[in-house]
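Below is one structure, written out as structure tokens; comments come after it.
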Amino acid sequence: MCALCAGPVDPMAEVATGLIPSRLALVTILVSLAAASGSRYATRPGKRLPLLRPRRETSMADLIDQVVLVTGGSRGIGAAIARAAASAGADVAISYLDRPDEAEGVVSEIQGMGRRAMAVGADLAEPEAGRLLVASVEAEMGRIDALVNNAGVMPETPFLEITDRDWGEVIAVDLTAPFVCSQAVLPGMISRGKGSIVMISSRLGQIGWPGVAHYAAAKAGLLGLTKSLAREFGPLGIRVNAVAPGPTVTEMSASMLAGEEGRRREADLPAGRLGRPEDVADSVIFLLSDAASMYHGQTLSPNGGGYMP
């Protein structure tokens, strides 16, 4: 009976007036529905109602004591990802191509956070370099819990002027290197029954773009690779996902986003601004963390609204 009236309790009315907690009202409703339907959860003498347990809270920035390898981690988006991983509690290894001073600067920053860090020079256009990179990190750090395939090149060349060599160089770094590095880290992840791989794709791999057909093709290929690996290795405890940034201000994209073209693209974005490397890093750290445990074969798109699939 209701405490303020002579009629039966109406749980939803009680909730609306704040007389009983909403959780109790929900349990009451569930019991009533179960009884009406003959459910095994209907109350019977000597039977207890199953508890409704709240969802366990999971930190979106928890990579405590994991070892993360970020390819192309000496600058731009890769450096932002490396720093963010360290801030989330990970030990971090990065690869770089030809700027050891920048790589060592990132390593010093991470070590200053109290985390282990290392940098490995690797020309990922050569498949064997990717395998040696993974082996070096595993030997020094003990294992690799997470891989971020970030290294990439984006030359601007009209399609009819792309040579076989141009095409091959972009595909080698932007698509073949992620294949090689992923193949190299997977055996260790499989043996531990857990791991995470994130591919850095691009909005241009989703929509295409004139003047960068080889880059767009490689980044589109990464999305197919992501889904295939997710299906094959998800049942073994390994999550594989992708991030496809929109226009992001980095050294690599500077020429494309400079001047009037950059202002035009910025004005077209619902977000009202171009992306920053840290915007991409946030998406990556989420996908690497246990907070993304239900994400398999998915693509997050921090693009400011420039592409809405």
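Residues are listed down the side, and each one gets a yes or a no for (1) outside the structural domain of Pro277 (by TED's automatic domain parsing); (2) buried (at least 16 other Cβ atoms within 10 Å of the Cβ); (3) modelled with pLDDT under 95; (4) in contact with an Asp or Glu (Cβ under 7 Å, 6 or more places away or on another chain):
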residue	(1), (2), (3), (4)
Gly205	no, yes, no, no
His214	no, yes, no, yes
Thr226	no, yes, no, no
Leu229	no, yes, no, no
Glu232	no, no, no, no
Ile238	no, yes, no, no
Ala254	no, no, yes, no
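Of the residues making up the stretch 68-122, those that are touching a residue at least 40 places away in the same chain (Cβ under 8 Å) and within 20 Å of the chain's Cα centre (by Cα) number 22. Here is a check on your reading of the model: is Gly168 without any contact (Cβ under 8 Å) to a residue 12 or more places away in the chain, out of contact with any His (no Cβ under 7 Å at 6 or more places or on another chain) and under 27 Å from Gly208 (Cβ atoms)? In short, yes. Taken together, the residues in the stretch 193-244 that are acidic (Asp, Glu) and touching a His at 6+ places or on another chain (Cβ under 8 Å) amount to 0. Residue count for the stretch 193-240, restricted to those that are assigned to a helix (DSSP H, G or I) and either in contact (Cβ under 8 Å) with a residue 24 or more places away in the chain or more than 26 Å from Leu160 (Cβ to Cβ) (or both): 25. Screening Ala177 with (1) part of a helix (DSSP H, G or I); (2) farther than 20 Å from Val240 by Cα; (3) touching a Gly at 6+ places or on another chain (Cβ under 7 Å) gives one miss only, at (2).
The values are calculated or read from the model by the stated rules, or taken from the named source; none is laboratory data. Nothing here was measured: the structure is a model prediction, and the numbers come from that model. Positions of Cβ are generated from backbone atoms using ideal geometry, with glycine treated the same way; all protein chains shown enter the neighbour counts.
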